[in-house]
1. Among what's in the stretch 26-41 and is in a helix (DSSP H, G or I) and touching a residue at least 12 places away in the same chain (Cβ under 8 Å), pick the residue that is surrounded by the fewest Cβ atoms within 10 Å (Cβ to Cβ).
2. Specify which of the listed residues (Ala245, Ala203) is touching a residue at least 40 places away in the same chain (Cβ under 8 Å), part of a helix (DSSP H, G or I) and within 15 Å of Glu141 (Cβ to Cβ).
3. Do the conditions hold for Gly452, that is, is it more than 22 Å from the chain's Cα centre (by Cα) and in a loop (DSSP other than H, G, I, E, B)?
4. Would you confirm whether any residue within the stretch 214-224 is loosely packed, with under 14 Cβ neighbours inside 10 Å and either under 26 Å from Ser265 (Cα atoms) or out of contact with any Leu (no Cβ under 8 Å at 6 or more places or on another chain) (or both)?
5. Could you identify the single residue in Gln522, Gln518 that is out of contact with any helix residue (DSSP H, G or I) (no Cβ under 8 Å at 6 or more places or on another chain), within 21 Å of Ser402 (Cα to Cα), in the same structural domain as Ile446 (by TED's automatic domain parsing) and surrounded by fewer than 19 Cβ atoms within 10 Å (Cβ to Cβ)?
6. Among the listed residues Asp424, Asp392, identify the single one that is out of contact with any Ser or Thr (no Cβ under 9 Å at 6 or more places or on another chain), surrounded by fewer than 21 Cβ atoms within 10 Å (Cβ to Cβ) and either outside the structural domain of Gly504 (by TED's automatic domain parsing) or not hydroxyl-bearing (Ser, Thr, Tyr) (or both).
7. Looking at the stretch 546-603, what strands (runs of 3 or more DSSP E) fall wholly within it and have at least 2 residues that are within 31 Å of the chain's Cα centre (by Cα) and touching a residue at least 60 places away in the same chain (Cβ under 8 Å)?
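The values are calculated or read from the model by the stated rules, or taken from the named source; none is laboratory data. Bear in mind the structure is a predicted one, so any value in this text is a computation, not a measurement. Here the Cβ is made from the backbone with ideal geometry for all residues, glycine too, and neighbour counts use every protein chain on show.
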Amino acid sequence: MASSLSSIFGVTLQQLQQLLPTRDLAFPELEEARSARQRLEHAPQTQRVLQQTESLLAGIGTIPQTTYTAYRLFRESGERSRYETAYFLKRARLSAAALRLFLGQTALREVVQDYIWSICEESNWVLPAHERDLIDLFAAETGYLLAETLLLFGETLNEEVRQRVRSEIEHRIFEPYLRFFHLHTWYQGASNWNGVCNSSVAATFLLLEPEPARIQRALEIAFTGLHTFVETAFAEDGSSSEGVAYWHYGLFNVVALSELLYACSAGQIDLLAGEKLKLIAAFPAKMQLSGANFASFADCDEHVGFHPGILTRLALRTGELTLLNLLTQPEDPDNNWRLPMMLRDILWWDGSQPASVPPEDTQLPAGGTARLVTQTEQGAPVVLSVKAGHNDEEHNHNDVGSFLLHVAGENLLTDPGRGLYSRDYFGPRRYENIFANSYGHSVPRIDGLLQGTGLAFSGAFQGSVDASDSDGEKRIVLEFAAAYPCPDLLSARRELCLITRGAGAGSVWLHDHFQFAQGSHQVEEAFITWLDCEVDGAIAILHGQHHNLRLSIKQPQGLKFCLEHLEGQSQANHKTRVLKRLTIALPEGVEADVYVQVTHVQQHIARG
């Protein structure tokens, strides 16, 4: 088939009838593995997944209870964790047991059946936080998990269990999808929900639905939704405003579905073909700081793990080999509850982990991010990552102008990433949380005001990032006055200069300039870090694990740093560390400038 988006996702019902003659080869690697289970069990990638999931076997005889009281906590207080902990642990234990049963541990058969039955007994597969939805992310994935479990074992499971799964999926997933697809808010949305839900449901139809006409109708519906996902959830340069973690989550079920279709259609349906998918596949490597460390803009963590099987297959289909650079640290087991992903990690990946490839300078103009790299004089890698964009993105933070400085594998100045997921965090009170508003980011306050929320509150790079290094410097210039609800603010210009050669290599100069139409205005600069800090007038020292960072106010003279420990806010968001905010109050006036030098000092020696 042609590789344009319109042709891939616009497959007609008649074409589907011709292209999907059989489902026998829906997952060919799995069928091949059935005859070589002992060899597969001893493969390095399988041993890794078994090791990652070993802790799930402790107490597996006691099925976690998804109780009414825990379910209703969200409505009463906004609390999510008690119910969700039991919900996901149940599915993780099922997946761990099912994998081992497939590999020959037959004593786990009854455990697998009991967990399947318990999931079928749940009143609702939709999480309490998403109760307004007929199908949410995890209901869709639960259906897919159970369908693939049936594919894995067939008649090994009791007929009563198999029929129960089919019955529950019919009324929880299939019927609401076919009848009410157009009413689901995620169906043609621009977020990870679209990719996760449409792909999981379509895959479940392929694996479980006996009637070809219903499969074809479900795929026709899914293709329309997924076309919107690819076109709108990713900018023209392949960027995802949701960050790398949600890039991964939004795509991994898309990749799994695409491969099912690829196999069923003998390669004629390839949802991963085309230039847009190649650009999307290139995105995470452009946000990488080092190893498993990524720019933590929006609701993204500093450390992101990946399913290596998904990355390997996406790299194969798109030809985007930078994806293989992300395999230096595969998915963290704490997030690995999905049997479909466990299977693809052991069947699509050979266990190899390439050496880390240093990042390069890059700019994503449509996504509003830029990255500059260099080394200190002693050879320590330095990465400067900067955010522009606007304040109405998916999983938005009000963070226009935010930046982070990453030295030798550690964020010394940081973007703090996601806050605690709760009712308030995804409601009207979201921007009362410092992890979502601009107070928790390295951006100024203007007349005591934080950045505004909405598409109009934005910033833009001024021309292309200067990474020429012709004079021993690389520069990023950003205009972000529009990010503030301050009519008098004519210009807020941030220039970040990374020194690349000489004794100052690895240091950064920040120059912020503010111009107002009239009157006298207050500007408070801010720098955000998780590290321990010492402040002495115009000097601040940040203590990292291996390196220290020295911030020095060069102009205007006579200014000093103030240090705020955001202890209460950090605890309220369940952080294990305390976020710190270093601030500088600039002289009031119609115009203001500040120059701050940020310098790597020395290799840090552990303090007693």
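1. Of all residues in the stretch 26-41, those in a helix (DSSP H, G or I) come to 28-34, 37-41.
From what is left, the residues that are touching a residue at least 12 places away in the same chain (Cβ under 8 Å) are 28-30, 33, 37-38, 40-41.
Details: Pro28: 15, Glu29: 15, Leu30: 15, Ala33: 20, Arg37: 13, Gln38: 8, Leu40: 17, Glu41: 18.
Filtering first and then ranking leaves Gln38.
2. Numbers: Ala245 fails: within 15 Å of Glu141 (Cβ to Cβ).
It is Ala203.
3. So Gly452 fits the description; yes.
4. Within the stretch 214-224, one or more residues are loosely packed, with under 14 Cβ neighbours inside 10 Å and either under 26 Å from Ser265 (Cα atoms) or out of contact with any Leu (no Cβ under 8 Å at 6 or more places or on another chain) (or both).
5. Gln522
6. Asp424
7. On the way: elements: 547-555, 562-566, 579-585, 591-603.
Answer list for the stretch 546-603: 547-555, 579-585, 591-603.
This table checks each residue for (1) under 18 Å from Thr142 (Cα atoms); (2) touching a residue at least 60 places away in the same chain (Cβ under 8 Å).
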{"position": "Ala43", "(1), (2)": "no, yes"}
{"position": "Leu50", "(1), (2)": "no, no"}
{"position": "Thr53", "(1), (2)": "no, yes"}
{"position": "Gln65", "(1), (2)": "yes, no"}
{"position": "Tyr68", "(1), (2)": "no, no"}
{"position": "Tyr71", "(1), (2)": "yes, no"}
{"position": "Arg75", "(1), (2)": "no, no"}
{"position": "Gly78", "(1), (2)": "no, yes"}
{"position": "Phe88", "(1), (2)": "yes, yes"}
